[in-house]
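Every number in this text was worked out from the coordinates using simple rules, so none of it is lab data. If you're wondering where the values come from, they're calculated on a predicted model, not measured in any experiment. With ideal geometry, Cβ positions are generated from the backbone for all residues, glycine too; neighbour counts draw on all protein chains shown.
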Amino acid sequence: MPAHPDLMTHTAQFERKLHKLSPNVYTAVGFAASNVHFLVGDTGVVLIDTTESTQAAENILAEFRKLSGLPVTTIIYTHSHRDHISGATVFAEGRAVEVIAADSFASDLVDVDESRPAPNAALMARTRRQFGIGLGPSERVSLGIGPGDRPMKGLGAGYLEPTLRIGRTSRLSREGFDLELARAPGETPDHLVVWLASDRILFSGDNFYHAFPNLYAIRGTPYRDFDAWADTMDQLLAYAPDVLAPGHTQPVVGAEAVRTALTDYRDAIRHVVSETVRGMDAGLDPVTIGANLALPAALADKPYLQPFYGHPGYAARAYFAGTLGWFDGNPTSLGQLPPATEAQRMIRLVGGEEALLKAAQAALDADDPQWAMELADRLIAAGEDANRSGARRIKIAALRILADRTCNAPTRNYYLLAARELEDTD
Ligand SMILES: [Zn+2]
């Protein structure tokens, strides 16, 4: 089966192109997971972000060299995620370049930084699943905010340390451009946005892209401050930009289009917060709150709020965990049986493993893959038995069905890579 049709349509956001935003400003979209912005002065170039791999950076630099032979002299990192900092050496071309980041900048190179604290192995495994690393191009149709098919050579390999760290707001002149760099916590706390007043262009990093904001990443992220991100939208609106150049997906052009997009993004985040708080105050558990969370009609159809990357239900559960912690409030949960124990008892209750396996298969046959998977999980959790491979087969089939039905790219990739991992254990 093909991927969700909306997810296929969304790939237009990653059409490979060097966009001209103003006479001297260019944005490379679609060459990598993330975008690269070029501010071309008289004697040198200011670069904003560098992609996730040296190969992607080489491809972008080759494209840029068709327009200009000027050297990159300053690189600005909008934030520390690896998909923005890993191609810097390519753009530096062996020269000593200035590298600017926020004073709170911390490298996010999870699989090359062995000094990073635990749980590194868990994060690596989950990151591979979220981004579908190891899936074929026909399976990994999208990253949600970047093309599924992207260069992987030199992934994480071209990072350069910042040489200048800046505080809350700094005004700098580089290569004839007067820039305002401002701290703007959102997808990460260490975000910097860059305001080019002369051209009315705002480089917003990952605080906006054409997909629902990733308020929680299933690869495993600490709590992201929802209220700070919404407040940052107001900070960005105050610039009244004519052009919004995000860290991923196409630029937004036109003052009214930018104003609407930033306002809607803010309101969507605030809606998740208010609905989740309402559910928490009513004593609901995070799973129920997440399952019921939907955007209001005025926001639900906006193309940049579709759950291609972030997901409103995941966001609600993250807000619950980030504010009340893991405990759902039900005293039963405090002494919850571990899955293996619960599964053994449930299997006895339903009349044995064969009966449960049959029920799981029946759920799959009745087109209820989630329930099939939940039943199969009990057989897998219960321990050593021949029925585990039957249960694994049902779970693999269910994962593949669900993958093709979701328009959330991280979920699709996670399902498909998890299915492959299960196949490998058979
Ligand atoms: Zn990014």
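With respect to the chain, whose longest principal axis is taken over its alpha-carbon atoms, helix 353-365 is tilted by about 50°.
For the chain, take the longest principal axis of its alpha carbons; what is the angle in degrees between that and the long axis of helix 226-237, to the nearest 10 within 0 to 90? Taking Cα atoms only, the helix is inclined about 30 degrees. Between residue 216 and 311, the built amide H atoms are under 5 Å apart, and every one of these is 5 or more places off in sequence or on another chain. Ordering 181-188, 324-331, 83-90, 95-102 by mean Cβ neighbour count within 10 Å, with the highest value first, yields 83-90, 181-188, 95-102, 324-331. Only one residue of 312, 413, 380 has its Cα farthest out toward the positive end of the dipole of region 308-426, where Lys and Arg carry +1 and Asp and Glu -1 on Cβ, and that residue is 312.
Rounded to the nearest 20 debye, the dipole size of the chain about its Cα centre is 320 debye, using +1 on the Cβ of Lys and Arg and -1 on the Cβ of Asp and Glu.
Applying 1/(1 + (r/R0)^6) with R0 = 35 Å to the Cβ-Cβ distance of residue 292 and residue 67 gives a FRET efficiency near 0.10.
At q = 0.19 Å⁻¹ the log10 of I(q)/I(0) for region 172-274 amounts to -0.90, computed by Debye summation with a single uniform scatterer per C-alpha, solvent ignored. 3J(HN,Hα) along region 204-213: 9, x, 9, 7, 8, 7, 7, 5, 4, x Hz, from the Karplus curve 6.51 cos²θ - 1.76 cosθ + 1.60 with θ = phi - 60°, whole Hz, x for Gly and Pro. In order along region 307-322, the Karplus-derived 3J(HN,Hα) couplings, from 6.51 cos²θ - 1.76 cosθ + 1.60 at θ = phi - 60°, round to x, 6, 10, x, 9, x, x, 5, 5, 4, 5, 5, 5, 4, 5, x Hz, and Gly and Pro are given as x.
Packing, taken as the mean count of other beta carbons within 10 Å per residue, orders the peptides 172-178, 375-381 from highest to lowest as 375-381, 172-178.
Only Cα pairs under 8 Å and 6+ residues apart enter the sum, and on that basis the relative contact order of the chain stands at 15 percent. FRET efficiency for the pair residue 165 and residue 225, taken as 1/(1 + (r/R0)^6) with r the Cβ-Cβ distance and R0 = 30 Å, rounds to 0.90. How about residue 17: which lysines have a C-alpha closer than 17 Å to its C-alpha, ignoring those fewer than 8 places off in the same chain? Within reach: 66.
Helix 339-349 and the long axis of the chain differ in direction by around 30°, with both axes built from C-alpha atoms. For region 337-425, the spread of Cα positions along the three principal axes, ordered from largest to smallest, is 37, 26, 24 Å.
Here region 269-313 and region 386-405 have alpha carbon centers that stand 29 Å from each other.
Per-residue ellipticity at 222 nm for the chain, helices alone: DSSP H runs ≥ 4 residues times -39500 (n - 2.57), over residue total, nearest 500 deg cm²/dmol? The helix contribution divided over the chain gives -12500 deg cm²/dmol. Loop-located GluC sites (Glu not before Pro) across region 357-426 with a Cβ neighbour count of 13 or fewer within 10 Å are 384, with loop assigned by DSSP.
Among the trypsin sites (Lys or Arg not before Pro) within region 116-160, those in coil by DSSP and having at most 16 neighbouring Cβ atoms inside 10 Å are 153. Residue ranges 46-54, 9-17 sort as 46-54, 9-17 when ordered by packing (mean number of other C-beta atoms within 10 Å per residue, highest first). Note on the chain: semi-axes of the ellipsoid equivalent to its C-alpha gyration tensor, largest first and rounded to whole Å, are 42, 24, 19.
Remark: region 168-185, residue by residue, has Karplus-estimated 3J(HN,Hα) of 4, 9, 9, 10, 10, 10, 9, 6, x, 9, 8, 10, 10, 9, 10, 5, 8, x Hz, where x stands for each Gly or Pro and the curve is 6.51 cos²θ - 1.76 cosθ + 1.60 at θ = phi - 60°.
Scattering from region 29-112 was approximated by placing one identical point on each alpha carbon and applying the Debye formula without solvent; log10 I(q)/I(0) at 0.11, 0.16, 0.19, 0.23 1/Å stands at -0.26, -0.55, -0.78, -1.13. The alpha-carbon of residue 395 sits under 16 angstrom from the alpha-carbons of these lysines, leaving out residues fewer than 8 places away in its chain: 358.
Result for the chain in a Gaussian network model with C-alpha springs under 10 Å: among 151, 222, 241, the largest mean-square fluctuation is at 222.
For the pair region 205-266 / region 80-94, the C-alpha centres are spaced 23 Å from each other. Restriction of the trypsin sites (Lys or Arg not before Pro) in region 31-88 to DSSP coil positions whose beta-carbon has at most 14 other beta-carbons within 10 angstrom yields 65, 66.
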